[in-house]
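First comes the structure, then the notes that go with it.
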Amino acid sequence: MPSIDEARIARWIRAVAAGYGFSVGELNYIFCSDERELQVNRDFLGHDYYTDVITFDYSTPSTIAGDIFISLDTVRSNAEQVGVPFLDELHRIIIHGALHLTGQGDKTPETKARMTAKEDRALAML
């Protein structure tokens, strides 16, 4: 389990979600290894590749809810690759999952750029 201030992160996620018109329901973050993340990706999404975050959405029209799997191995390697502290990258991935639950996408270069900008705005609130 990474060393994070859970109460602070919960307040932050609620504030970010509120900015998109949502409240926060049951939101589960599952921190795991690359191998576990790959298995989840294979078993539930039919994808055979590593990733930093997988979000399962159980939201309603007004409340975000879901299970968010985060590979700490990939977060660590991504942080090293872009030259940021591990905790900064972890915060980015935590909010990335929550933003997906508010309907934000990142499948095209344009939506990926918009997602990064939204992550940056959210990170400034932390």
* Asked: What value, in deg cm²/dmol to 500, does the helix sum -39500 (n - 2.57) over DSSP H runs of n ≥ 4 give at 222 nm once divided by the residues of the chain?
  -> -16500 deg cm²/dmol
* **Farthest positive-ward along region 34-126 dipole, Cα basis, beta-carbon charges - from Gly46, Ala65, Leu87** => Ala65
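Once you wrap a convex hull around the alpha carbon atoms of the chain, what is its projected area averaged over all directions, in nm²?
Averaged projected area of the chain's Cα convex hull equals 7.5 nm².
Tell me, what is the FRET efficiency for Met125 and Ile30 to the nearest 0.05, using R0 = 30 angstrom and their Cβ-Cβ distance as r? Don't jump to the answer; show the numbers that get you there.
Numbers: r = 24 Å, r/R0 = 0.79.
Taking R0 as 30 Å, the efficiency between Met125 and Ile30 is 0.80.
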* Per residue of region 43-58, in order, report the coupling 6.51 cos²θ - 1.76 cosθ + 1.60 (Karplus, θ = phi - 60°) as ³J(HN,Hα) in whole Hz, putting x for Gly and Pro. => 5, 9, 10, x, 9, 10, 8, 7, 8, 8, 8, 10, 10, 9, 9, 10
* If you project the alpha carbons of region 85-126 onto the principal axes, what extent comes out on each, in Å, largest first? -> 27, 18, 15
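Counting DSSP beta bridges with both partners in the chain, what percentage is antiparallel, nearest 5?
On the way: 5 of 13 bridges.
If I count the DSSP bridges inside the chain, around 40 percent turn out antiparallel.
Values quoted throughout were computed directly from the atomic coordinates according to the rules given, and no laboratory measurement underlies them. Treat the numbers as computed from the prediction; the structure is a model and nothing was measured. Note that we place each Cβ from the backbone using ideal geometry, even for glycine, and neighbour counts take in every protein chain shown.
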